[in-house]
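Data block below; observations after.
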Ligand SMILES: C[S@@+](CC[C@H](N)C(=O)[O-])C[C@H]1O[C@@H](n2cnc3c(N)ncnc32)[C@H](O)[C@@H]1O
């Protein structure tokens, strides 16, 4: 068994725990709103999670978790670890450090001291001086200091985190993190047999993530960089069994739609869906989300939407009008549930309530560094 820490977009811990349960992983500790989950799992599970998780961003095998008083203790604690199982003598390594809390030193200082400690530990146990490569290391040692807590581990994902899907050939200027899109899909309880629409789909992240889930295509299939596990000898025997190819299920009756008012974004969404191999199962259309009844003579079970937050251009009044138009056109053709994410929670809440939606929950999350809320609502 390995002790593991997974990181994810803060606020989506509940959805990530649901996903981990599907992988039969028993969660031990959740740092709510901090985007960290701790669990123990066998080695093959670490490989499987890297290939198949849709919500997690990085998976780190924990070597040490303790309290520390200062930088000298960081050195001493890391120096006491054995790295031979994780780093081969010919491999290079780098320490990536981050820090939360107030300390009389920076994360660069932590990285330097921990790096020195890794070299000294390896030299004394194996008689080899490890090479440091800060740009393209074979192995990444992660060091997190959160107030007094020190967590040291081996990154099994790599610098190219799991949310960098690789199918994004068209970059929408306000694209949603695919891990957030997937977590919203989990939060909605959408099943592949239900119809789904994203009426403000931009570059198509939400419909594409739903289609990948519906077809059981592992998100790692599109990575442009290999996972860090491919450099870790501990995982070599399991890699073949979980290669990203061969996990997809063929044939489906998915009913997934994406709509956007901008023809440029719709063309981009089609390009992205082609790159993800799901263009045959998503219907993309140019259209106005506030006038859905003019476009559709049918209903949808679920709507998952990431509307504009009005941060750059629109006035509060224009945003109210847009959210109200979305809620009033949506309410007439939605059967089961709407899940949405926005920075302007008050405006969205008002639009939903005044159009008869019942709000099931409203919860804080982070979209990058921006505080946002996810709202789940049922039509009347
Ligand atoms: C935050 S972006 C969505 C980004 C998308 N989730 C992605 O990952 O690429 C919001 C989108 O809403 C679209 N939009 C704004 N007003 C709209 C309307 N009335 N009808 C349909 N789409 C609209 C914008 O063109 C923009 O692409």
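Scan segment 291-309 residue by residue and report those that are in a strand (DSSP E or B) and surrounded by fewer than 20 Cβ atoms within 10 Å (Cβ to Cβ).
Within segment 291-309, the subset in a strand (DSSP E or B) is 300-305.
301 - this is the single residue of segment 291-309 that is in a strand (DSSP E or B) and surrounded by fewer than 20 Cβ atoms within 10 Å (Cβ to Cβ).
For the condition within 16 Å of residue 175 (Cα to Cα) and either buried (at least 17 other Cβ atoms within 10 Å of the Cβ) or without any contact (Cβ under 8 Å) to a residue 24 or more places away in the chain (or both), what is the one hit in 317, 312, 344?
When all the criteria are applied, what remains is 312.
Being within 23 Å of the chain's Cα centre (by Cα) and without any contact (Cβ under 8 Å) to a residue 12 or more places away in the chain narrows it down to one residue among 297, 369; which is it?
369
Is one or more of the residues making up segment 195-203 away from the ligand (no atom under 12 Å from the Cβ), in the same structural domain as residue 360 (by TED's automatic domain parsing), more than 18 Å from the chain's Cα centre (by Cα) and not in a strand (DSSP E or B)?
Yes; the residues of segment 195-203 include at least one that is away from the ligand (no atom under 12 Å from the Cβ), in the same structural domain as residue 360 (by TED's automatic domain parsing), more than 18 Å from the chain's Cα centre (by Cα) and not in a strand (DSSP E or B).
For segment 4-26, how many residues are within 21 Å of residue 154 (Cβ to Cβ) and surrounded by 17 or more Cβ atoms within 10 Å (Cβ to Cβ)?
8
Here is a check on your reading of the model: is residue 359 assigned to a strand (DSSP E or B) and crowded, with 19+ Cβ neighbours inside 10 Å?
No, not satisfied.
Just for segment 218-236: of the residues that are in contact with a helix residue (DSSP H, G or I) (Cβ under 8 Å, 6 or more places away or on another chain) and part of a loop (DSSP other than H, G, I, E, B), which one is farthest from the ligand (Cβ to nearest atom)?
The selected residue is 227.
Limited to segment 96-131, what total is found for residues that are assigned to a helix (DSSP H, G or I) and surrounded by 13 or more Cβ atoms within 10 Å (Cβ to Cβ)?
Of all residues in segment 96-131, those assigned to a helix (DSSP H, G or I) come to 107-126.
Among the residues that remain, those that are also surrounded by 13 or more Cβ atoms within 10 Å (Cβ to Cβ) are: 107, 109-122, 126.
Qualifying residue count for the region: 16.
Condition test on residue 302, is it more than 10 Å from the ligand (Cβ to nearest atom), out of contact with any helix residue (DSSP H, G or I) (no Cβ under 6 Å at 6 or more places or on another chain) and touching a residue at least 12 places away in the same chain (Cβ under 8 Å)?
Numbers: more than 10 Å from the ligand (Cβ to nearest atom): yes; out of contact with any helix residue (DSSP H, G or I) (no Cβ under 6 Å at 6 or more places or on another chain): no; touching a residue at least 12 places away in the same chain (Cβ under 8 Å): yes.
For residue 302, the condition - more than 10 Å from the ligand (Cβ to nearest atom), out of contact with any helix residue (DSSP H, G or I) (no Cβ under 6 Å at 6 or more places or on another chain) and touching a residue at least 12 places away in the same chain (Cβ under 8 Å) - is not met.
Each row is one residue, and each column tells you yes or no for (1) in contact with a helix residue (DSSP H, G or I) (Cβ under 7 Å, 6 or more places away or on another chain); (2) away from the ligand (no atom under 12 Å from the Cβ); (3) assigned to a helix (DSSP H, G or I); (4) modelled with pLDDT under 95.
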residue	(1), (2), (3), (4)
161	no, yes, no, no
168	yes, no, no, no
174	no, no, no, no
179	no, no, yes, no
183	yes, yes, yes, no
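Can you tell me which of 324, 288 is assigned by TED's automatic domain parsing to the domain that holds residue 255, away from the ligand (no atom under 11 Å from the Cβ), surrounded by fewer than 21 Cβ atoms within 10 Å (Cβ to Cβ) and at pLDDT 95 or above?
On the way: 288 fails: away from the ligand (no atom under 11 Å from the Cβ).
The unique qualifying residue is 324.
Restricting to segment 269-285, and then to whatever is in contact with a strand residue (DSSP E or B) (Cβ under 7 Å, 6 or more places away or on another chain) and not in a loop (DSSP other than H, G, I, E, B), can you tell me which residue is surrounded by the fewest Cβ atoms within 10 Å (Cβ to Cβ)? Don't jump to the end; show me each part of the working.
Taking segment 269-285 and keeping what is in contact with a strand residue (DSSP E or B) (Cβ under 7 Å, 6 or more places away or on another chain), we get 269-270, 273, 281-285.
Restricting the remaining residues to those that are not in a loop (DSSP other than H, G, I, E, B) gives 269-270, 273, 282-285.
Values: 269: 29, 270: 17, 273: 26, 282: 25, 283: 13, 284: 23, 285: 15.
That would be 283.
The values are calculated or read from the model by the stated rules, or taken from the named source; none is laboratory data. No experiment lies behind these values; they were computed from the predicted model shown. Cβ atoms come from the backbone with ideal geometry, glycine included; neighbour counts cover every protein chain shown.
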